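Participant: Below is the structure I would like to discuss, written out as structure tokens.
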Amino acid sequence: MKFKQFTSIAIVSAMLAACNPSEESTIDAANLPEVEVPEISETTMKDITKSLSSDDFAGRAPGTIGEEKTLELLVSRFEAAGLSPGNGESWFQDVPLVEINAKDQSNLDIKSETGETISLTPGSDFVAVTYQEQDKIDIADSEMVFVGYGINAPEREWNDYEGIDVKGKTVVILVNDPDFGTESLEGEFGGRAMTYYGRWTYKYEEAARQGAAAAIIIHDEAPAAYGWGVVESSWSGPQFYAQTSNGAADQTKANGWIQKEKAREILAASGQDMDELMTAAKQKGFKAVPLSTTASLNFSNEFGSLQSKNVVGVLKGAKRPDEYILYTGHWDHLGICKPAPDGDNICNGAVDNATGTAALVALAEAHSKAGAPDRSIIFLAVTAEESGLLGSKYYAENPIYPLSQTVGGVNMDAFSMAGPAKNLTVIGKGKSQLDIYLDAAAKLEDRTPEAEPTPEKGFYYRSDHFSFAKLGVPMLYFEGGEDLVNGGREAGAKVSEDYTKNRYHGPKDEYDENWDWSGVMNDLRLYYRVGRMLAMSEDWPNWNEGDEFKEARDESRK
């Protein structure tokens with residue numbers, strides 16, 4: 001998830017000099033603004049979460065009646081909360097998307113040199129989509145190459161594509177990065193903590209840069225951090241992508257996933273042992289392995305363009321209105337998806353992320369009730385997170401409020417319904433000076449911030465804060481912890497595992513009248529404190545020395 005674990009910076013009293021933004025910003029925890037937390041409405045949280053995740057909203061897919069209903073609800077509640085439209089006189093920022101829906105998908109036929117054919121069934125054995133705006137995708141007898149983790153990282157002297165030409169070929173790739181399975185946080189790729197090189201988005205991007213016709217990732221539940229059911233539901237039905245000027249002609253024809261045991265069969269048909277190849281791929285200097293198999297796949301596409309929308313509200317600052325604090329959360333979910341055994345085919349997304357969307361409104365109400373802060377606070381509900389962080393990416397690249405004037409922010413994605421916790425889980429702990437604010441807020445709430453227990457799952461790259469972080473804006477992402485007041489860590493882990501296996505990205509992520517909201521409301525107090533302290537401060541927090549995002553921040557602050 002992260003890259004390296006950096007030691008915390010020393011906390012000293014000098015602040016960033018306004019005349020020299022590149023000067024190292026240091027923040028005195030003892031001098032952070034004092035913040036009183038007003039009542040935060042549990043009723044708001046319940047009502048909005050219940051509405052957004054009802055069947056009437058049809059899973060909130062972009063471009064559907066679910067989007068229309070969501071936008072109407074959010075504008076109404078933002079306005080009632082006391083916010084002003086955040087984009088001039090408009091509450092919206094248009095986000096141009098392309099919708100592509102694969103139809104009549106063939107089997108993925110793998111042919112060996114001996115003439116043997118391994119025929120894989122769509123959905124149960126593999127999934128495949130295209131980013132290209134083409135009526136028909138036809139991949140015929142494409143030579144296959146095993147490229148290990150599919151990484152080209154010059155700064156780490158690592159290139160899985162070195163010495164091989166994969167133009168027009170189908171590359172087979174391992175999920176995660178070469179350090180997966182390492183217990184420590186030391187290694188070529190951050191040890192146990194996943195780097196961006198481990199994410200599927202990067203692997204498809206690099207395969208396209210290398211000229212591959214198709215890129216297929218081998219699904220392996222532990223390093224992927226989710227089961228095949230999540231892959232199948234997320235990659236079936238209409239897919240949304242950012243509009244491009246060339247119709248994504250520079251992308252691969254097909255990107256997909258394959259079940260691990262089916263990949264093992266394919267490699268064996270080339271005389272290769274999967275376990276041996278997986279071991280070899282972890283070593284620096286690994287060389288890609290041409291396979292004596294070819295891949296064939298075809299499907300047609302229905303596609304069109306749409307303008308989805310980010311929803312933007314602002315609470316204007318009283319003293320420094322041109323300095324901005326961000327709260328972000330995605331309003332979208334998967335819409336209609338693979339049915340559950342009982343026939344339910346609506347992915348309602350109650351926890352993910354009706355809760356985070358409701359939190360934007362509840363926090364807007366609380367901040368407005370407390371009066372205008374010194375800095376302006378932006379409440380940003382983004383679209384198409386489930387399609388690759390597209391709404392937040394679009395805002396970050398086309399900001400309404402300059403990123404150079406955006407002090408920092410907090411992202412909210414999927415609140416835990418496990419009940420109150422003694423700790424909280426910080427995704428990316430140790431990366432930025434925002435930890436100082438969170439530590440102070442947590443101490444006041446008698447909570448203990450802890451680093452994420454599963455950094456190998458790459459959560460830092462899986463929600464909307466990443467879109468801003470990679471352009472330099474310090475962003476916090478934290479969740480209610482697993483050390484529950486009632487039941488401790490064992491009970492917390494059980495709740496988390498149950499959600500991941502039985503509800504995450506499936507039709508059973510539904511509103512439950514019996515939920516215990518006390519933990520959520522405790523977490524909201526932390527979100528409020530951190531945002532308000534930032535909004536009342538004069539400091540400009542930065543990334544910690546050595547962090548990969550610090551250079552972008554320093555450059556923007558010049």
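Participant: Which of the residues belonging to region 41-92 are assigned to a loop (DSSP other than H, G, I, E, B), more than 26 Å from Met521 (Cα to Cα) and in contact with a helix residue (DSSP H, G or I) (Cβ under 6 Å, 6 or more places away or on another chain)?
Facilitator: Matches in region 41-92: Ala58, Trp91.
Participant: Determine, yes or no, whether Asn301 is out of contact with any Gly (no Cβ under 6 Å at 6 or more places or on another chain) and open to solvent by less than 30 Å² (accessible area, probe 1.4 Å). Step through it out loud before you land on a result.
Facilitator: Numbers: out of contact with any Gly (no Cβ under 6 Å at 6 or more places or on another chain): yes; open to solvent by less than 30 Å² (accessible area, probe 1.4 Å): yes.
Yes: the conditions hold for Asn301.
Participant: What single numbered condition from (1) more than 22 Å from Ser106 (Cα to Cα); (2) in contact with an Asp or Glu (Cβ under 6 Å, 6 or more places away or on another chain); (3) of a type outside the set (Val, Ile, Thr) fails to hold for Ser292?
Facilitator: Of (1) more than 22 Å from Ser106 (Cα to Cα); (2) in contact with an Asp or Glu (Cβ under 6 Å, 6 or more places away or on another chain); (3) of a type outside the set (Val, Ile, Thr), only one is false for Ser292: (1).
Participant: I would also like to ask the following. Is there any pair linking a residue in region 27-38 that is over 11 Å from Ala441 (Cβ atoms) and modelled with pLDDT of 95 or more to one that is open to solvent by 40 Å² or more (accessible area, probe 1.4 Å) and not aliphatic (A, V, I, L, M), with Cβ under 6 Å and at least six apart or on different chains, and which?
Facilitator: From residues that are over 11 Å from Ala441 (Cβ atoms) and modelled with pLDDT of 95 or more, the pairs are Pro38/Lys369.
Participant: Can I ask one more? If the requirement is being in a strand (DSSP E or B), closer than 21 Å to Thr201 by Cα and touching a residue at least 40 places away in the same chain (Cβ under 8 Å), which of these qualifies: Ile173, Ile118? Talk me through it step by step, then tell me what you get.
Facilitator: On the way: Ile118 fails: closer than 21 Å to Thr201 by Cα.
Only one candidate passes the filter, namely Ile173.
Participant: So, restricting to helices (runs of 4 or more DSSP H) that lie completely within region 477-558, which ones have at least 3 residues that are of a type in the set (Lys, Arg), modelled with pLDDT of 95 or more and surrounded by 15 or more Cβ atoms within 10 Å (Cβ to Cβ)?
Facilitator: Values: elements: 488-502, 518-536, 550-557.
Ranges flagged: 518-536.
Participant: Shifting gears a bit: Only one of Glu232, Glu261 is surrounded by fewer than 16 Cβ atoms within 10 Å (Cβ to Cβ) and under 30 Å from Pro507 (Cα atoms); which?
Facilitator: Numbers: Glu232 fails: surrounded by fewer than 16 Cβ atoms within 10 Å (Cβ to Cβ).
Going through Glu232, Glu261 in turn, just one is surrounded by fewer than 16 Cβ atoms within 10 Å (Cβ to Cβ) and under 30 Å from Pro507 (Cα atoms): Glu261.
Participant: Then there's this: Under the condition of being surrounded by fewer than 20 Cβ atoms within 10 Å (Cβ to Cβ) and over 27 Å from Glu143 (Cα atoms), which residue from region 158-190 is modelled with the lowest pLDDT?
Facilitator: If we take residues in region 158-190 being surrounded by fewer than 20 Cβ atoms within 10 Å (Cβ to Cβ) and over 27 Å from Glu143 (Cα atoms), then Leu185 is modelled with the lowest pLDDT.
Participant: List, please: which pairs have Cβ atoms under 9 Å, are six or more places apart or on different chains, and start with a residue in region 482-496 that is within 14 Å of Arg447 (Cβ to Cβ) and aromatic (Phe, Trp, Tyr) and end with one that is at pLDDT below 95 and open to solvent by less than 60 Å² (accessible area, probe 1.4 Å)?
Facilitator: Partner pairs satisfying both residue conditions: none exist.
Participant: Mind checking whether some residue in region 327-349 is open to solvent by less than 50 Å² (accessible area, probe 1.4 Å), touching a Ser or Thr at 6+ places or on another chain (Cβ under 7 Å) and charged (D, E, K, R)?
Facilitator: yes
Participant: Within region 191-225, can you find the residues that are surrounded by fewer than 24 Cβ atoms within 10 Å (Cβ to Cβ) and assigned to a loop (DSSP other than H, G, I, E, B)?
Facilitator: Within region 191-225, Gly191, Arg192, Arg199, Gln210, Gly211, Ala213, Asp220, Ala225 meet the criteria.
Participant: For a quick check of your reading of the model, give me the residue pairs whose first member lies in region 89-107 and is more than 17 Å from Thr64 (Cα to Cα) and at pLDDT below 95, whose second is of a type outside the set (Asp, Glu) and part of a loop (DSSP other than H, G, I, E, B), with beta-carbon atoms closer than 8 Å and at least 6 apart or on different chains.
Facilitator: Hits for this filter: Ala102/Thr130.
The values are calculated or read from the model by the stated rules, or taken from the named source; none is laboratory data. Every value quoted in this text rests on a predicted model; they were computed, and no experiment measured them. Methodologically, a virtual Cβ is constructed for each residue, glycine included, from the backbone with ideal geometry; neighbour enumeration extends over all protein chains shown. To get the accessible areas, we keep the full protein, side chains included, count just its heavy atoms, and leave off ligands, DNA and RNA. Shrake-Rupley method; radii C 1.70, N 1.55, O 1.52, S 1.80 Å.
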